[in-house]
1. Would you work out if the stretch 70-130 is rounded, prolate or oblate? Take a ≥ b ≥ c from the square roots of the eigenvalues of the alpha-carbon gyration tensor; rounded if a/c is under 1.5, else prolate when a/b is larger than b/c, oblate otherwise.
2. Once the other residues with Cβ under 13 Å from the Cβ of residue 135 are scored (Lys, Arg +1; Asp, Glu -1), what is the net sum?
3. If I take every Cα pair under 8 Å that is 6 or more residues apart in the chain, average their sequence separation and divide by the length, what percent do I get for the relative contact order?
4. Scan the stretch 1-84 for chymotrypsin sites (Phe, Trp or Tyr not before Pro) in coil per DSSP, keeping those whose Cβ has at most 16 other Cβ atoms within 10 Å, and list them by number.
5. With axes computed from alpha carbons, what is the tilt in degrees of helix 105-114 against the longest principal axis of the chain, rounded to the nearest 10 within 0 to 90?
6. Going by alpha carbons, how many degrees (0 to 90, nearest 10) lie between the helix axis of 9-21 and the longest principal axis of the chain?
7. If you count only protein heavy atoms and use a 1.4 Å probe, how large is the accessible surface of residue 3, to the nearest 10 Å²?
8. By the gyration tensor of its Cα atoms, with a ≥ b ≥ c the square roots of the eigenvalues, what is the shape of the stretch 1-74: rounded for a/c under 1.5, prolate for a/b over b/c, or oblate?
Amino acid sequence: MKRSDYISWDEYFMGIALFSAQRSKDNSTQVGACIVNDEKKIISVGYNGMPIGCCDDDMPWERTGNNPLDTKYPFVCHAELNAILNSNVGSLKGATLYVTLYPCNECAKAIIQSGIKRVVYMENKYADTDGVKASVMMFEKCGVVVEKYEPANRSIILNL
């Protein structure tokens, strides 16, 4: 008889997104993403971080500053965009994106343009911002299915 307490596909892929988020060096928000094809195979992962070639130690990680260039915002690549750009498959058409934070409007555009058709998110702490409101509008107009991940409230401990 097979065991019955195994994790669901959504738990597995959101777990990969959560694990990927742990690579982020952002001191306030760590976001992870995992892109899966319709055969339930992982085709890419990403997390929020500085562009390749920018030394993390030389870049600002602050949320506020006297000048926007003293903050992380003009520089950090979001997890969703990194996952899209990290993909080594020819097409993301019809794929599902698991992400720990609801996508901003810039990432929503990249998600739509790449052909991803389903987004499963864990948290939406910026729901009242214009950026996320724009994401919601674009996803609805472009037929991208968006679902809130419902945690199963189980713990999985990894000893690394």
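The values are calculated or read from the model by the stated rules, or taken from the named source; none is laboratory data. This one's a predicted model, so the numbers in the text were calculated from it and none came from an experiment. Cβ: placed from backbone, ideal geometry, glycine included. Neighbour counts: every protein chain shown. For the accessible areas, the whole protein counts, side chains as well, though only heavy atoms, and no ligand, DNA or RNA atoms are used. Shrake-Rupley method; radii C 1.70, N 1.55, O 1.52, S 1.80 Å.
1. Working: a/c = 2.13, a/b = 1.36, b/c = 1.56.
Oblate is the answer for the stretch 70-130, as a/c is 1.5 or above yet b/c matches or exceeds a/b.
2. Details: positive: 109, 133, 141; negative: 80, 106, 128, 130, 140.
After counting each charged neighbour, the total is -2.
3. Once divided by the residue count of the chain, the mean separation gives 19 percent.
4. Values: sites: 6, 9, 12, 13, 19, 47, 61, 75; in loops: 6, 61, 75.
Those that pass, being in a loop and sparsely packed, are 6, 61, 75.
5. 50
6. 30
7. Probe radius 1.4 Å; accessible area of residue 3 about 150 Å².
8. On the way: a/c = 3.74, a/b = 2.73, b/c = 1.37.
Judged from the Cα gyration tensor, the stretch 1-74 comes out prolate (a/c at least 1.5, a/b above b/c).
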